[in-house]
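Working notes, structure below.
The values are calculated or read from the model by the stated rules, or taken from the named source; none is laboratory data. Here the structure is a predicted model, which is why all the values come from computation and not from measurement. Methodologically, a virtual Cβ is constructed for each residue, glycine included, from the backbone with ideal geometry; neighbour enumeration extends over all protein chains shown. Ligands, DNA and RNA are stripped out before the accessible areas are found, and what is left, the full protein with its side chains, is counted by its heavy atoms. Shrake-Rupley method; radii C 1.70, N 1.55, O 1.52, S 1.80 Å.
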Amino acid sequence: MQHRVAPPHLSVALRKLANVTVLAPALDDDSPADAFLADAQRYRRELLAHCYRMTGSLHDAEDLVQETYLRAWKSYQGFQGKSSVRTWLYRIATNTCLTALEGRQRRPLPSGLGTPSSAGTDEIAEHHEVPWLEPLPDESADPGNIVGSRESVRLAFVAALQHLSPRQRAVLVLREVLQWKAAEVGEAIGSSTAAVNSLLQRARAQLDAVGPSEDDNVVPPESPEAQDLLSRYIAAFEAYDIDKLVELFTAEAIWEMPPFDSWYQGPHAIGELSRHKCPAEGPGDMRFIPTTANGQPAAALYMRNPETGVHEAFQLQVLDIGKNGIFHVVAFMEQSLFEKFGLPATL
């Protein structure tokens with residue numbers, strides 16, 4: 001993401017924004033703009049989720065939220081109160097995202113590249129030049145609407161959004177996730193109501209073609225079924241018992257692990273991949289911390305370094321668990337995500 005140098009008179013605001021995370025008690029209340037900005041920090045978490053839906057990138061979303069608050073601070077004097085502060089911030093965030101997405105590649109998962117699934121013994125190759133989809137910490141979801149937030153940040157849904165144009169993405173998210181009226185959306189993005197309805201119709205048709213199935217029978221991460229399957233999944237990996245591991249997957253289960261561009265379908269292929277490509281050599285080489293991401297069960301994998309014996313951050317695995325078993329795992333190989341998720345670098 002490109003960064004512009006802020007004018008000198010904005011440097012104080014930038015420093016304040018950079019040091020604020022969820023609330024803004026550090027901001028001075030000596031100006032209306034600073035007082036407004038301190039109050040507006042309550043929306044930071046849900047704005048981060050919004051920018052994440054638009055971009056598919058946690059790192060980009062964090063930058064775009066900062067840019068949103070900077071733009072809001074700069075234009076505060078022009079805020080006339082015709083809408084709520086929350087709506088106004090969403091408008092700024094949406095247009096900030098649209099500007100940032102101009103000329104950008106979509107962020108796919110390996111299974112969304114249009115290539116066939118691979119055998120577990122095939123050669124694998126990393127492609128760091130691809131801007132892969134990233135996971136989202138659950139603390140970034142809107143705490144006021146947990147169920148709705150989960151559905152709208154599920155990896156499968158965000159991956160499907162990547163197939164839409166940025167404006168289609170914005171219209172669909174504003175209309176169907178945030179439940180805005182078509183006229184409100186049109187005003188926010190500078191389009192007519194008719195154009196918004198047309199964009200929404202095309203976006204829905206595209207999602208029907210590439211979006212997640214409605215019959216996956218997804219179970220929430222805190223449910224007994226999900227907790228049991230996650231515990232058995234972790235136990236099988238830590239014991240390096242691949243036979244027990246593959247029993248947990250559904251017949252059509254998918255495994256993928258960006259930045260590797262291969263993906264694998266079915267328990268047999270996943271088992272062969274685990275046997276032949278996993279750097280672990282036996283029980284004890286892998287340890288896990290259970291967590292959640294994108295409203296889904298997740299597991300942070302630490303691999304033992306054979307030279308030091310220390311278990312080091314290796315993969316963040318995000319699982320889709322249904323009533324019939326695990327049907328999708330995305331294993332993110334980006335170790336910098338561990339800090340974003342509040343996870344230690346070593347065990």
How would E187, E123 rank on accessible area, largest to smallest, probe 1.4 Å? E123, E187
List the trypsin sites (Lys or Arg not before Pro) in the stretch 173-242 that DSSP assigns to loop (not H, G, I, E or B) and whose Cβ has at most 15 other Cβ atoms within 10 Å. Which are they? K181
Rg(Cα) / (2.2 N^0.38 Å) computed for the stretch 239-309, rounded to two decimals: 1.18
Kindly give the semi-axes, whole Å and largest first, of the ellipsoid equivalent to the chain, taking each as the square root of 5 times a Cα gyration tensor eigenvalue. 38, 24, 18
Express in whole angstrom the spacing between the alpha-carbon centres of the stretch 110-136 and the stretch 168-232. 24
Lysines whose Cα lies under 21 Å from that of K82, excluding same-chain neighbours fewer than 8 positions away: K74, K181
Defining a contact as two alpha carbons under 8 Å apart and six or more residues distant in sequence, what relative contact order in percent does the stretch 151-206 show? 34
What ranking do 322-329, 190-197 get when scored by the average of other Cβ atoms within 10 Å per residue, highest first? 322-329, 190-197
Filter the GluC sites (Glu not before Pro) in the stretch 35-105 to those in DSSP coil with at most 15 other Cβ atoms within 10 Å of their Cβ, and list the result. E102
Would you work out the relative contact order for the stretch 191-339, in percent, from Cα pairs under 8 angstrom that are 6 or more residues apart? 23
Can you give the accessible area of L113, probe radius 1.4 Å, in Å² rounded to 10? 70
Under 28 Å from the Cα of K323, which lysines turn up, not counting those fewer than eight places away in the same chain? K244
Using helices alone, I'd like the mean residue ellipticity at 222 nm for the chain: each DSSP H run of four-plus residues gives -39500 (n - 2.57), total over residue count, nearest 500. -12500 deg cm²/dmol
In straight Cα distance, which aspartates and glutamates are under 17 Å from K340, not counting same-chain residues fewer than 8 positions off? E46, D60, E62, D63, E134, D138, E139, E312
Could you calculate the FRET efficiency of A125 with T87 from 1/(1 + (r/R0)^6), where r is the beta carbon distance between them and R0 is 45 Å, rounded to 0.05? 0.50
Return a whole-number percent for the relative contact order of the stretch 31-132, with Cα pairs under 8 Å and 6 or more residues apart as the contact set. 27
Rounded accessible area of W88 (nearest 10 Å², 1.4 Å probe): 40
